[in-house]
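None of the figures in this text is laboratory data; all of them are computed from the coordinates on show. Keep in mind the model is a prediction, meaning the values are calculated, not measured. Every residue, glycine as well, gets a Cβ built from its backbone with ideal geometry; the counts of neighbours run over all protein chains shown.
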Amino acid sequence: MAAISEAVPQTADQYNEDILAVLKPPSPLYVLAVLGLLGLVGAGVVALAVQTYFGMGVTGLMHPVMWGVYITTFVFWVGIAHAGTLISAILFLFRASWRNAINRGAEAMTVFAVITAGLFPLIHLGRLWKFYYMFPYPNQRGLWTNFKSPLEWDVFAVGTYTIISILFFAVGLIPDVAAARDRVTDWRRHLYGILAMGWRGTSEQWRHHSRAVLHLSGLATPLVLSVHSVVSWDFAVSLVPGWHTTIFAPYFVAGAIFSGMAMVITVLVPVRRAFHLESYIRLEHFDNMGKFIVLTSTIVGYSYAVEFFMAWYSANPYEQMSFWHRAFGDYWWATWIMISCNILVPLPLWIKRVRMHVPTMWVIAIFINLGMWFERFVIITTGLSHEYSPAAWGYYTPSWVELTILAASFAWFLMLFMIFLRLFPVIAIQETKELHYHRAEGH
Amino acid sequence: MPEIDRRDFLKIVGLSAGAAATAACREPVEKIVPYLNQPEEVTPGIASFYASTCRECPASCGLIVKTREGRPIKVDGNPADPISQGRLCVRGQASLLRTYDASRLAGPLKRAADGNLVPTTWEDGLSILVDKLREHSGKVAFLGGLETGTLDGLIDDLLAAIGSPNRVRFEPFAYESLRKANEQLFGTATVPQFRFERADLIVSFGADWQETWLSPVKQQIGYAEARRGGKAFAVYVGPRLGLSGADMDEWLAPVPGTEMQLALALLREVALVKRADLGALSGRLRSQTTAGAAEATGIPVERIRRLARRIADADAPLALPPGNEMQGSNATGLAAAVQLLNYASGAIGKTVVFGPDHNLERLGGFSDLKNLAGRLRSKAVGMLLVHGANPVYAAPALGFAEAMASTFTVSFASANDETTALADLVLPDHTPYESWGDAEPLRGVRLLQQPTVRPLRDTRATGDVLLEAARALGVGESLPAGSFKDAIAARWADVGFDQALANGGVFNPAPQRSVTLSAGAATAAFENAKLSGEGDLVLLVYPSLGLYDGRSARFATLQEVPNPVTKLVWGSYAELHPDTAARLGVEFGDVLRVTSEAGQLELPVVVHETVRPEVIAIEAGQGHQPVEPGAPDPDYLKLRSQIGANAFTLLSGKTDSESGALAWLSAKVRAEKTGAKLLMPLTQPTFDQEGRGIAQATTMAAVLGLDAGNHHAPAHGGEQHEPPYADAMHLETVDFDPADDARSPDYRWGMVIDLDACTGCNACVTACVQENNIFTIGEELVRQGREMHWIRLERYVEHHGDEIEVRHAPMLCQHCGSAPCEPVCPVFATYHNDEGLNVMVPNRCIGTRYCANNCSYKVRRFNYFAYDRFLREPEQLRLNPDVTVRSKGVMEKCTFCVQRISAAKDQAVIEGRKVRDGEVIPACAQTCPSQAITFGNHKDPASRVSKQRADGRAYWVFQHLNTRPAVTYLKSIRRGETGKA
């Protein structure tokens, strides 16, 4: 098998050399790519400015579909943010040592995804400039916030998740930025100096560091389950047929891990290639991530089936019509994109050879990303477009403003990730070293 | 920490203050300036009410105008007036917009040397008028609409004084054939009153008695009265089931043009049963067999017989003579046949009452206009004065534009229209809310109209202009002295001008008089309508509910009130039966080229099953050139170049030979698919309620409790029982008491809507728009699904075999006791108040729109744009100062007119009592001519809402969702044997 013939770094120094190679000056191609992404982000900012100035009318939102691309994209990015924590925290606690090579990238992805996600509840507000009404603090308006509202729960769920994922990322980074600090002389030295927080590599510091990572893992683990559960309650708590269902929390969490894993693969495959990290991010990783995808794809597929089954079994005519509409109504195309990408496309991953074939994995991962975006789109728009009152049914089509902002969110995410790639070691040096020694000792 | 010294402290303070001030730099500050000298009768914040008259159509309803700080903001019917009885229609409610029309004429205009109309002064304009009157003395013609007051006499006097008694009183809806028929049958060329309230059977032969025909408000009130409690069966005869027909119990759709045969067959059968003496006419009826009529009309014999039996059996039947849409080449004959049916059934004197007549005798009609066009062409008329008429639009077949070209034309219109655009001199009149006037719509019912706002533009009352011109011409002594107002006061002096002004008029209806049939005089031929032209479709042009004959088309509000049948807005559409559409290979939105003898139009198709398959139906009133309605489309403040198409251009000007009336139902047309397809501004995507029980109905038998234990034996002629919706859907419902949903010990506001009374007329929609500052957003935004109405008329079509039943349900915020919208708002912008109201606070809203998503009734509306920027000077003056003007990005919805609740509570507190039942009336309930809406307090067991809620017909929409709605619906009642047919 291919895995056996893969090269393995021989010395500890080679780890530092390989991984810290990112600190060398960037290529023009890289600069160009980052600038291109920045341009796209700029387009999104312009679109947002247009929307803020003229009003939400520049979107395709309408009566009765008052949520669309923005909330879809919010849920999508929150979902993406889950794989990082899953890999770093849960797999850490389960001592799944293969995670070490990919956890840094996954954690960074989490931070950037959650930052991207957090923008969308603001972008979707009719009055963006009043967003602070959502925060409970004593104010001259004499108004408190409504803790019954799932949107208020979101403020805390996403807020907590942002803080924890940044902490987790920053703590894990300490030994590696210290190594990087000792190799550069320019402005980055100050940045790394601050982030390293006086790291000297003493055994005392190592002991504290590993305890901190363990505790943070413990804190972050329930969040993986809770954040997306809370996000799913945005829908499940409502009365909308197609939203009002108890399966949403586990269904959304599985979907989040599904899409998160797919995004890790989507991002790491080019990175692995560009930075020649084939000996660190190994086929074994793809194999394991593939297994996760197979598992979560199955759960997601099961959830789809259960939703349709329950719509029929409940004998609730509103629910039944909503799901009939979902499969065969105006939005049939979105539903079938969702089902194809999330259930049919991952099926080959049951075969190990497919899981170990990186280009195939990458293509499948991209389809899953697409499918999972459409999953949220389908839930939101088909539910809203076909509610109780037939006199108020409608069909929503996103406008250029929404699509620009959607594209800009991907650009924003990728731009942050690319800057991260050039600024920080994409693989946790110390953890892969551990792996090296363990392997050398014959574990 | 470093010490901060005094200087640093001051710097920091200065900087912070500067920063704070800069941050606050947003909108310019507008100062509220108090009156320097407060005018008498004006107290800021307190409304004043004035009685006046609605001049939107000849029905001339009495009004109460609500003014705030010197500007009218809302109109409602005058309860003292026997016509409006405190109610108004969809057009009356919007009539203020004529005054606040941004594009009305700013001042006098004259035709310059380069051919353009240019602004001029009144002095100049008047001197031109006087010069021209002198020049053309003896050859002056005055073309006006229906005037029934002082102005009417003044015009006659002036024309007499200058020796030019050429007066044409033209209304597109002039009822010439009905007057002619009455003249022939009863020797009186008048229009009697049709007393709906006395009838127990109403049969309309294509009369749109609710939209435009005669006096829609009065008739709708009478209809509701006749039908209350399940009384009065109603039948509609006509090729298209419009608003008026939709509420009636049975629909007979004869093949277009054969209505006569149906009427005669009915007449013959009824006359036989009732042994009515029709004299010489009996012989002419002998050949009119029911079987023959059934064959020609396509209506089964038994249904014709059943209707005849109903008419014969009824105590007080009422047959309505044809409205415009069924006015064909046989109009007089058909009107005569229907009036004979009334005679034979004993309705004359009972439900068809001569005296007080509609004051229409002197009204001319299409033939007078035709004459005038001829005289213009032959130069017999050298100067034309036009006031309140728009012949260029309304009668394209007469070629008025070309006939007027060589005539010096003066227009007195207050806003530009097709005729005014061709005039040589424009001397704009005030709008009705700015001017004095009077009217006598029914003999003896005299109404006064008084100004309620200072003229907003440089306009002058036409009465004053004519008086001034007469004095300048030296013929002033034959006219009243003083101003036009003085003339009115003088004319009213005998009945007490001041008292009449306070009351709105003097209401002494002329007494009823009896008429006798002079059957021999009926010379009109009883023949079918002649249809001419190539093609296989019959053109049915029907008058518009919202636009009347087109005179209201410039009101954006009315353009945005959905058509009661198609639920489309802002345009003209060709309505086809599904079979016809399939035959032509078109579907909803496909553009059709419609060609008649007279013209060609391209119109998008609407498909619905309430037209006959042979018919292509087009609403009249659209297609104005130039158009200037005050709504943007699709961009901010951009005005449209055209709205819809003028259906009159398809009529070739054929007339009824007896009366000279324009034959509306006379053209056959060819329709071809163009291949183009349009996105349509549709406000309701489906008319199928999917058995969801939104608009429910029950049967007469169930109301009377006759069918207990008799579910399997259809004792009532196979009548279908309404499915109990929630049960059929296996959904549990829980009974609830709305009084539990308010913490206040005194009040829990609620509403009851009687769907049996509701006819779907949309008056509540415009009343709500006016009261609550709801913005009109334009066609493009409606097409995008952003309509703003807080109350909408949901229309549903139920099929019982081949028979069709139309139901309407007004849908507005249900003020649920357990509202889905409330818990999901993160910022308490919507919450439940102590009195059970579901309150919406726009200023708190940040626009998450979750409330709208979670609203099961879909009655929440979002401000997608800053619609207040759509307002053009002086439209902002019509805004109700008691209601917030919403900005972009916030949600809004029905408040149950919370401003009126507050006002009533304030008054109650001052008087140390609780609010009385009926003291708070929301705008929708106030105007509803059918009195379908009742508002009140559920904490008071004696209130009308509490009592009605206990009615056996009561139900709650989506009750199984446990939202505990405060709006109770009463099921409509399906009368008769098979319900609607």
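Within the same chain, aspartates and glutamates fewer than 8 places from B:Lys905 are excluded, and of the rest, those with a Cα less than 20 Å from its Cα are B:Asp741, B:Asp746, B:Glu771, B:Asp834, B:Glu835, B:Asp882, B:Asp917, B:Glu919, B:Asp940. Since only B:Gly14, B:Ile83, A:Pro317 are under comparison, the one whose Cα sits farthest along the positive direction of the charge dipole of the protein assembly as shown, derived from C-beta charges on Lys, Arg, Asp and Glu, is B:Gly14. Per residue of peptide A:122-129, the mean number of Cβ atoms on other chains within 10 Å of the residue Cβ is 5. With R₀ set to 56 Å, the beta-carbon distance separating A:Leu38 from B:Ala481 gives a calculated FRET efficiency near 0.10. In a DSSP loop and with at most 13 other Cβ atoms within 10 Å, the GluC sites (Glu not before Pro) in the range B:32-133 are B:Glu40, B:Glu41. Once C-alpha pairs closer than 8 Å and six or more residues apart are averaged by separation and normalised to the residue number of chain B, the relative contact order reads 15 percent.
Positive-end ranking of B:Phe173, B:Leu143, B:Val203 along the dipole of the range B:137-213, with charges on Cβ about the Cα centre, is headed by B:Leu143.
Report note on the peptides A:366-373, B:241-248: ranked by the mean count of other C-beta atoms within 10 Å, highest first, their order is B:241-248, A:366-373.
Taking 0.36 nm per residue of separation and subtracting the Cα-Cα distance, full extension of the segment from B:Ser16 to B:Asp114 would add 29.1 nm. Where both bridge residues fall in the protein assembly as shown, DSSP classifies roughly 60% of the beta bridges as antiparallel. Label-to-label distance for B:Ser902 and A:Arg353 is 7.6 nm, based on points extended 7 Å past Cα in the beta-carbon direction. In angstrom, the C-alpha Rg and Dmax of the range B:732-859 are 17.0, 52.
For chain A, the mean residue ellipticity at 222 nm estimated from helices alone is -23000 deg cm²/dmol, where every DSSP H run of n ≥ 4 contributes -39500 (n - 2.57) and the total is divided by all residues, rounded to the nearest 500. Assuming charge only on the beta carbon of Lys and Arg (+1) and of Asp and Glu (-1), the dipole of the range A:146-305 about its Cα centre is about 420 debye to the nearest 20.
The mean of 1/r over all pairs of different alpha-carbon atoms in the protein assembly as shown, once inverted, gives a Kirkwood hydrodynamic radius of 35.8 Å. Given R0 = 35 Å, the distance between the Cβ atoms of B:Ala493 and B:Arg228 translates into a calculated FRET efficiency of 0.25. Bridging of A:Lys148 to aspartates and glutamates at a Cα separation below 13 Å is possible for A:Asp234, B:Glu822, once same-chain residues fewer than 8 apart are set aside. Remark: A:Leu119, B:Leu755, B:Leu704 ranked as B:Leu704, A:Leu119, B:Leu755, counting other beta-carbon atoms within 10 Å and listing the fewest first.
Gain on full extension, evaluated as 0.36 nm per residue between B:Thr674 and B:Lys947 minus their Cα-Cα distance, stands at 92.6 nm. Taking label points 7 Å from Cα along the Cα-to-Cβ direction, A:Glu284 and A:Tyr313 give a separation of 4.2 nm.
By other beta-carbon atoms within 10 Å, ranking B:Met700, A:Met197 with the fewest at the front produces A:Met197, B:Met700. Note on B:840-849: average number of Cβ atoms from other chains within 10 Å of each residue's Cβ is 6. Between the alpha-carbon centres of the range B:213-262 and the range B:833-908 there is a gap of 37 Å.
Filter the cross-link list B:Lys231/B:Lys350; B:Lys74/B:Lys888; B:Lys180/B:Lys231; B:Lys914/B:Lys947 down to pairs whose alpha-carbon distance in this structure exceeds 21 Å. Over 21 Å apart, Cα to Cα: B:Lys74/B:Lys888; B:Lys180/B:Lys231.
Largest first and in whole Å, the equivalent-ellipsoid semi-axes of the range A:258-388 read 34, 14, 10, each the square root of five times a Cα gyration tensor eigenvalue. Within the straight-line cut-off of under 18 Å between alpha carbons, the lysines reachable from A:Lys291 are A:Lys352, sequence neighbours fewer than 8 places apart in one chain being disregarded.
Remark: the B:Phe9-B:Asn833 segment gains 292.0 nm on full extension, using 0.36 nm per residue and subtracting the alpha carbon distance.
With a 10 Å cut-off around each Cβ of B:857-865, the average count of Cβ atoms from other chains is 6.
Computed from backbone phi with θ = phi - 60° and the Karplus coefficients 6.51, -1.76 and 1.60, the 3J(HN,Hα) list for the range A:140-154 is 6, 6, x, 10, 9, 9, 8, 6, 7, 7, x, 5, 5, 4, 4 Hz; x is used for glycine and proline. Computed from phi, the 3J(HN,Hα) profile of the range B:844-853 under the Karplus parametrisation 6.51, -1.76, 1.60 (θ = phi - 60°) reads 8, 6, 10, x, 6, 6, 5, 4, 5, 4 Hz, with x in place of Gly and Pro. Rounded to the nearest 10 degrees, the angle from helix A:400-423 to the longest Cα principal axis of chain A is 10 degrees. Among A:378-391, A:140-153, sorting by the average number of other beta carbon atoms lying within 10 angstrom of each residue, highest first, gives A:378-391, A:140-153.
Under the simplified labelling scheme, the A:Thr160-A:Leu128 pair shows an inter-label distance of 2.9 nm, with each label point 7 Å from Cα along Cα→Cβ. As a proxy for reagent exposure, B:Trp492, A:Trp312 were ordered by neighbouring Cβ count within 10 angstrom, fewest first; the result is A:Trp312, B:Trp492.
Measure nothing fancy, just the Cα-based angle from helix A:248-274's long axis to the longest principal axis of chain A, in degrees from 0 to 90, nearest 10. That helix lies at roughly 40 degrees to the long axis.
Taking amide H as placed 1.01 Å from N in the peptide plane, the amide H of B:Ala954 sits under 5 Å from that of B:Lys971, each at least 5 places away or on another chain.
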